[in-house]
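Have a look at the structure below before the remarks.
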Amino acid sequence: MFYAAPSSERSSSEMLADKRWESLSFASTLYLRPVLDALLAPTPDLFHDELRLGLQEALVNAAKHGNRLDPQKIVSVRYAKADGYYWWIVSDQGEGFEEPAVCACPSPDSPFVSECGRGLFILNQVFDQVRWSSDGKEVCLAKQVQSSPFNSMISPAFFVKVIESWWRRWSTTSAHGA
């Protein structure tokens, strides 16, 4: 299997080999909260909502479409962080999936019965990289998270308060100046 790293000078096989992978597996189910919580634990809080949506889509696809919700079949996830990326590899025991050549935004009028439905569209919007294995039983997802010295010093809640404060100051000043 080959997964290309987005704009990296190192080959993807080198990057994948260098990672220290964690893993978890679960019987095919749609009760995913504890699985998602475990997968999101190492990621920055600022990205939790977006990543939860994307990972939930990948896990639902594996359990529902891949394994057909057969509780005897397992969904496996390997995950790691390396070189500014968070990586997840989601595998199922289904018959495989053939990735559509183009995954365009579904139109609001059409039901999601096209080759590329809402879930695939979401995966491609949330993650910087979405690569399927040749047999279609595994998807590799990557999300780049820029390191910043502020990440460890400023919480998202504090950042929101600062923005709200600036907004109040600006809106008050704008109202008086008009």
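Do any trypsin sites (Lys or Arg not before Pro) in region 17-83 lie in a DSSP loop with no more than 14 other beta carbon atoms within 10 Å, and if so, which?
Answer in residue order: 20, 68.
Mind giving me the FRET efficiency for residue 24 and residue 168? R0 is 35 Å, r the Cβ-Cβ distance, nearest 0.05 is fine.
So, using R0 = 35 Å, E works out to roughly 0.20.
Rule-based calculations on the coordinates, nothing more; no lab input. Treat the numbers as computed from the prediction; the structure is a model and nothing was measured. Quick reminder, even Gly has a Cβ in these numbers, built from the backbone with ideal geometry, and neighbours come from all protein chains shown.
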